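See structure below.
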Amino acid sequence: MNLTQPAVSIQLKNFQKQFDQPLTEVINRRLHITEFGRQVSVMAEKILVEAAVLQQHHKMMRDQLKGRLRISVVSTGKYVMPYFLSGFMAKHQGVELSMDVTNKTKVTSHLQLNETDLALISVIPAHLKLKKISLMDNKLYLICKPGMEKKILKKKTDPITWIYREQGSATRYAMEHFISKSGMATNRLIELSTNEAVKQAVMAGLGYAIMSATAIKNEIALNQICIIPIKGLPIIQEWKLIWLAEKKLSPVTEAFIRYIQEHKKDIIEKDFAWLQSIV
């Protein structure tokens, strides 16, 4: 019991004061439990067991998160964020998820207006005071329909058709910056509002685009899209999970941030190891 004999004696006396019948008796200098004392002992054991069950139940209720997790994700981030969410959502069945997928400008607006708890983005808005967790690299490559790469590799100065995302897209900004810096000539410009539309246009041979490797995994595997190895590419950015520095985070949001900090390395190794094989 990790108690001295006098301490035990004091506890027994204090316990005895609660009853008008003796719990113990001394016979031949030996302490014996009375019949009433045995009944109290049996009932006490049951109470202790029930108390332990209650404590365990309370712990489970305390650990079981309930509430909504709101995340705003840039368009290309939809190929990344679900892998960082799946384990957390499986563990916490009481958590509801709301994930809005849009472009960088709108994600920034959602943060500023406090319409989201967290955001996944690769280019951080400079005008907001933020906290962040770096997740993984976001590498952008020049892509085309297989066979069309020869035109760029052999005659880089020939004007070509570029397929852009809409204004406000971080990918579009990176693409425009690269084209301007490289001096590559433009024949015409096609503007599309989603990654899926860009990929379909590229696969149809309408032109060339720059996209994140995470967005074209399946198309590369099926040889529907090829990556053109060219100087200055890939453009290397970084996926970041961000939130307003002054925001009071909910228990659900705090728990998700802890989960990301603890498990992001394992998630990357498990779900994004294929990126190492990209040129």
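Coordinate-derived values only; no laboratory data. Because the structure is a prediction, the values reported are computed rather than measured. Positions of Cβ are backbone-derived with ideal geometry, glycine not excepted, and every protein chain shown enters the neighbour counts.
Things worth noting here:
- Pair list, Cβ under 8 Å, 6 or more apart: segment 199-224 residue within 23 Å of residue 185 (Cβ to Cβ), other residue part of a loop (DSSP other than H, G, I, E, B) and of a type in the set (Gly, Ala, Ser): 201/207
- Segment 137-187, subset of a type in the set (A, V, I, L, M) and assigned to a loop (DSSP other than H, G, I, E, B), residue nearest to residue 274 (Cα to Cα): 148
- The set of residues in segment 65-118 that are over 19 Å from residue 168 (Cα atoms), of a type in the set (S, T, N, Q) and surrounded by 18 or more Cβ atoms within 10 Å (Cβ to Cβ) is empty.
- Single condition residue 249 does not satisfy, out of (1) surrounded by 18 or more Cβ atoms within 10 Å (Cβ to Cβ); (2) in a loop (DSSP other than H, G, I, E, B): (1)
- Within segment 188-209, being in a strand (DSSP E or B) and over 18 Å from residue 78 (Cβ atoms) holds for 188, 189, 190, 191, 208.
- Strands (runs of 3 or more DSSP E) contained in segment 4-97 and holding at least 2 residues in contact (Cβ under 8 Å) with a residue 12 or more places away in the chain and either within 30 Å of residue 192 (Cα to Cα) or not hydroxyl-bearing (Ser, Thr, Tyr) (or both): 67-74
- Given (1) closer than 22 Å to residue 256 by Cα; (2) of a type in the set (Gly, Ala, Ser); (3) surrounded by fewer than 18 Cβ atoms within 10 Å (Cβ to Cβ), index of the condition residue 185 fails: (1)
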